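A.B. asks: I'd like to ask you about the structure that follows.
The values are calculated or read from the model by the stated rules, or taken from the named source; none is laboratory data. Just so it is clear, the model here is predicted, and its values are computed rather than measured. Backbone-built Cβ (ideal geometry, glycine too); neighbour counts: all protein chains shown.
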Amino acid sequence: MCILKSLGNEFFSLYQTLQANPDVHFSLTPSQQLQFNQFFEKMQTLYVNIQEEEIISSVRRLGLIAYRIMMIFSALRIMEDGSIEQNLYCTDTDFQNTLDMITILVKHSSYVYSQIAQETYKPKPKHKKEQF
């Protein structure tokens, strides 16, 4: 429990530091923006061909999640180097790590989607013995 309390205090300290400073604006570099768009365009095309068009919403949702993960990684970097700049850019390492994570998450989403699509409607049992 002491470890969790210690981590909590560290994050609370980061929170207080961020609150005391002007707003931080997070951005991707122009090359990261291009790579981000190409990555998700490729993912969307690939999984639409494998699944049906309903998977598009999952891929796009993962794009939003990826951007949020990149923001979190970048904010956590403030704890390492201690510098808070008003314009915060994602490092290439954090960017690539996030895309690697999302690649796996897209595969899992596709699997779950295929499992749900295979389920057929089963009528509710009529008798108590059938329900049991």
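A.B. asks: So which of Ser27, Ser31 ends up being out of contact with any helix residue (DSSP H, G or I) (no Cβ under 6 Å at 6 or more places or on another chain), at pLDDT 90 or above and under 15 Å from Glu85 (Cβ atoms)?
C.D. replies: Ser27
A.B. asks: Sort out which residues of the range 1-12 are in a helix (DSSP H, G or I) and either closer than 19 Å to Leu88 by Cα or of a type in the set (A, V, I, L, M, F, W, C) (or both), and write them in order of number.
C.D. replies: Within the range 1-12, Cys2, Ile3, Leu4, Leu7, Phe11, Phe12 qualify.
A.B. asks: Select from the range 13-33 the residues that are over 23 Å from the mean Cα position of the chain (by Cα) and part of a loop (DSSP other than H, G, I, E, B) and write down the one among them that is surrounded by the most Cβ atoms within 10 Å (Cβ to Cβ).
C.D. replies: My answer is Asn21.
A.B. asks: Using beta carbons and a limit of 7 Å, which pairs, at least six apart or on different chains, have the first residue in the range 46-57 and outside any helix (DSSP H, G or I) and the second one of a type in the set (Asp, Glu) and surrounded by fewer than 14 Cβ atoms within 10 Å (Cβ to Cβ)?
C.D. replies: Close Cβ pairs satisfying both conditions: none exist.
A.B. asks: Identify all residues within the range 76-99 that are part of a helix (DSSP H, G or I), surrounded by 16 or more Cβ atoms within 10 Å (Cβ to Cβ) and either touching a helix residue (DSSP H, G or I) at 6+ places or on another chain (Cβ under 6 Å) or modelled with pLDDT of 95 or more (or both); write none if there are none.
C.D. replies: Once the filter is applied, which keeps residues that are part of a helix (DSSP H, G or I), surrounded by 16 or more Cβ atoms within 10 Å (Cβ to Cβ) and either touching a helix residue (DSSP H, G or I) at 6+ places or on another chain (Cβ under 6 Å) or modelled with pLDDT of 95 or more (or both), the range 76-99 yields Asp94, Phe95, Thr98, Leu99.
A.B. asks: Shifting gears a bit: Can you name the condition, by its number, that Ile3 falls short on among (1) surrounded by 12 or more Cβ atoms within 10 Å (Cβ to Cβ); (2) among the β-branched types (Val, Ile, Thr); (3) more than 19 Å from the chain's Cα centre (by Cα); (4) farther than 20 Å from Ala75 by Cα?
C.D. replies: Among (1) surrounded by 12 or more Cβ atoms within 10 Å (Cβ to Cβ); (2) among the β-branched types (Val, Ile, Thr); (3) more than 19 Å from the chain's Cα centre (by Cα); (4) farther than 20 Å from Ala75 by Cα, Ile3 violates only (1).
A.B. asks: Would it be correct to say that Leu64 is loosely packed, with under 15 Cβ neighbours inside 10 Å and either of a type outside the set (S, T, N, Q) or at positive phi (or both)?
C.D. replies: For Leu64, the condition - loosely packed, with under 15 Cβ neighbours inside 10 Å and either of a type outside the set (S, T, N, Q) or at positive phi (or both) - is met.
A.B. asks: Out of curiosity, is Leu62 in contact (Cβ under 8 Å) with a residue 40 or more places away in the chain and farther than 30 Å from Ile116 by Cβ?
C.D. replies: So Leu62 fails the test.
A.B. asks: So Lys42 passes all but one of these: (1) among the basic types (Lys, Arg); (2) modelled with pLDDT of 90 or more; (3) touching a helix residue (DSSP H, G or I) at 6+ places or on another chain (Cβ under 8 Å). Which condition number does it fail?
C.D. replies: Of the numbered conditions (1) among the basic types (Lys, Arg); (2) modelled with pLDDT of 90 or more; (3) touching a helix residue (DSSP H, G or I) at 6+ places or on another chain (Cβ under 8 Å), the odd one out for Lys42 is (3).
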